[in-house]
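What follows is a short report on a single structure.
The values are calculated or read from the model by the stated rules, or taken from the named source; none is laboratory data. In this text the structure is predicted, and so the values were computed from the model without any measurement. Positions of Cβ are backbone-derived with ideal geometry, glycine not excepted, and every protein chain shown enters the neighbour counts. Areas reflect the complete protein model, heavy atoms only, side chains present, ligands, DNA and RNA absent. Shrake-Rupley method; radii C 1.70, N 1.55, O 1.52, S 1.80 Å.
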Amino acid sequence: MKLTSRSVSLGAIISTVTTAALGAVLLVSVPASAASTLGAAAAQSGRYFGTAVAAGKLNDQTYVNILNTEFNMVTAENEMKWDATEPNRGQFTYSGGDRILNQAVGNGKRVRGHALLWHQQEPGWAQRLEGSDLRQAMMNHVTQVATHYRGKIYAWDVVNEAFADGGGGGRRDSNLQRTGNDWIEAAFRAARAADPAAKLCYNDYNTDSINAKSTGIYTMVRDFKARGVPIDCVGFQSHLSNNAPSDYQANLQRFADLGVEVQITELDISGGNQANAYGAVTRACMAVRACTGITVWGIRDTDSWRTGENPLLFTGSGAKKAAYTSVLDALNAGGPGPTTTTTTNDPGPGGCTASVSLNQWNGGFVATVKVTAGSSVLRGWRVTATLSNGTITSHWSANRSGASGTVTFTNVDYNGAVPAGGSTEFGFQGTGSGSGLAPSCTAA
Ligand code: XIL
């Protein structure tokens with residue numbers, strides 16, 4: 001891999017070093033390199049690049065080869081939806097979702113959960129419910145599904161498509177909405193309680209510019225943040241035609257400024273300016289620090305739900321399209337990583353630090369560990385932590401050796417590269433207590 005240091009002149013380096021010596025806060029640049037896959041290119045700035053996956057296609061070798069080579073995040077296209085996971089009230093089936101999750105995790109990818117509550121693809125029994133009976137069924141669904149996947153999901157689309165199209169900026173009518181306007185926040189609280197490690201997102205379409213619908217959602221997110229409703233991210237589906245709206249980036253940025261991450265969750269683009277539009281969307285995400293990743297809604301044109309529109313990055317036979325090259329180039333061109341600010345207590349070139357955030361209850365815990373690079377890029381890391389009175393039962397986004405006592409974690413392939421001053425997270429959960437972990441990090 002060719003490594004160059006982009007956008008830093010010798011003068012800038014000298015002044016950076018001088019500033020560091022003076023003990024001030026400094027901004028460091030992300031080294032540019034030309035990665036040859038979407039996932040690796042996105043990872044250079046701490047982002048991911050994902051795709052929707054259909055369980056029924058996991059026997060198709062061309063499909064699986066592209067999936068394993070190019071992508072480091074996966075969304076189940078249909079298999080984690082309400083009709084798939086709870087076909088009869090109180091009877092849960094996770095076979096399709098588990099298949100996708102296991103394929104992804106087994107190949108070093110993370111998983112976005114999609115979607116806990118949505119007015120589409122409700123099972124028939126739920127479509128026939130209203131009022132408090134439905135509210136009870138909704139919350140049970142959120143709790144059960146998020147609990148089944150606890151600790152394994154990077155981010156959940158907790159609520160999908162709850163806002164109306166058109167000029168009003170209000171909620172869409174549905175039996176979910178008719179249970180009371182607080183159904184969305186109730187769902188987010190239930191999801192947080194069931195899986196404290198997952199980021200919780202609101203996801204919608206026709207929200208790709210500053211319009212009445214996106215402003216309605218913006219207002220809701222601002223209110224949630226103000227009142228402490230647990231929301232971490234907003235998903236922009238971005239089912240587009242021809243062009244990305246001219247204010248696409250500005251719209252992402254205004255949400256980011258509320259203190260949530262933004263993610264492009266179901267990208268597909270039909271029409272003549274496809275390669276340009278894909279490039280523009282990717283550059284917009286790269287320019288917004290809180291835009292943590294992009295997911296395309298399928299791999300080959302023939303895998304798309306938009307039959308005949310050819311809106312994806314690979315042809316039906318699996319060849320890379322011009323749009324693919326636009327995206328790859330835009331990812332390789334870099335941008336600010338999700339976090340690139342480092343302070344005086346940075347561990348210096350080649351070093352890293354680890355901090356833990358712990359969620360404990362009687363008999364169990366979830367630990368999320370943040371690995372932060374010093375003033376130079378990390379190429380790999382190793383974290384040790386000590387469990388005096390607990391046992392790890394599962395972990396994510398790291399390799400692990402040991403389950404109790406001193407436990408060692410090392411990076412997986414997609415999160416070993418951490419830009420200077422940037423950070424990445426992994427986690428684990430267990431029984432007993434997670435107190436006193438005191439994680440420490442060394443570059444590997
Ligand atoms: C689509 C799937 O791609 C199709 O296979 C299915 O028949 C219908 O749903 N917004 C969403 C996605 O949030 O879940 C939808 O996926 C596309 C629109």
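Some values worked out for this structure:
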quantity	calculated
Near pairs, Cβ below 6 angstrom, 6+ apart or cross-chain, from segment 40-63 (part of a loop (DSSP other than H, G, I, E, B)) to any residue that is within 16 Å of the ligand (Cβ to nearest atom)	Ala54/Glu77
Output for segment 217-241, where each listed residue is under 24 Å from Ala115 (Cα atoms), open to solvent by 10 Å² or more (accessible area, probe 1.4 Å) and outside any strand (DSSP E or B)	Tyr218, Thr219, Met220, Arg222, Asp223, Lys225, Arg227, Gly228, Pro230, Asp232
Per-region count, segment 291-307, residues over 18 Å from Ala280 (Cα atoms), part of a loop (DSSP other than H, G, I, E, B) and in contact with a strand residue (DSSP E or B) (Cβ under 9 Å, 6 or more places away or on another chain)	5
Residues (of a type in the set (Gly, Ala, Ser) and within 11 Å of the ligand (Cβ to nearest atom)) located in segment 290-305	Gly298, Ser304
Residue satisfying condition, being open to solvent by less than 30 Å² (accessible area, probe 1.4 Å), more than 12 Å from Ala444 (Cβ to Cβ) and assigned to a strand (DSSP E or B), within set Phe428, Phe409	Phe428
Close pairs from segment 297-318: first free of Cβ contacts under 8 Å to residues at least 24 places away in the same chain and within 17 Å of Glu77 (Cα to Cα), partner open to solvent by less than 10 Å² (accessible area, probe 1.4 Å) and not β-branched (Val, Ile, Thr), Cβ under 8 Å, at least 6 apart	Asp301/Pro311; Asp301/Leu312; Asp301/Phe314
Hits in segment 290-304 (condition: of a type in the set (Val, Ile, Thr) and open to solvent by less than 20 Å² (accessible area, probe 1.4 Å))	Thr292, Ile294, Thr295, Val296, Ile299
Residue check for Ala244: open to solvent by 20 Å² or more (accessible area, probe 1.4 Å), outside any helix (DSSP H, G or I) and under 24 Å from Val53 (Cβ atoms)	no
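Yes/no per residue for (1) more than 27 Å from Asn399 (Cα to Cα); (2) within 16 Å of the ligand (Cβ to nearest atom):
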{"position": "Phe49", "(1), (2)": "no, no"}
{"position": "Met80", "(1), (2)": "no, yes"}
{"position": "Gly90", "(1), (2)": "yes, no"}
{"position": "Leu101", "(1), (2)": "no, no"}
{"position": "Ala104", "(1), (2)": "no, no"}
{"position": "Gly113", "(1), (2)": "no, yes"}
{"position": "Gln127", "(1), (2)": "yes, yes"}
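For every residue, the table says whether it meets (1) assigned to a loop (DSSP other than H, G, I, E, B); (2) without any contact (Cβ under 8 Å) to a residue 24 or more places away in the chain; (3) crowded, with 21+ Cβ neighbours inside 10 Å.
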residue	(1), (2), (3)
Gly166	yes, no, no
Gly169	yes, no, no
Asn175	yes, no, no
Arg178	no, no, no
Glu185	no, no, no
Phe188	no, no, yes
Ala191	no, no, yes
Cys201	no, no, yes
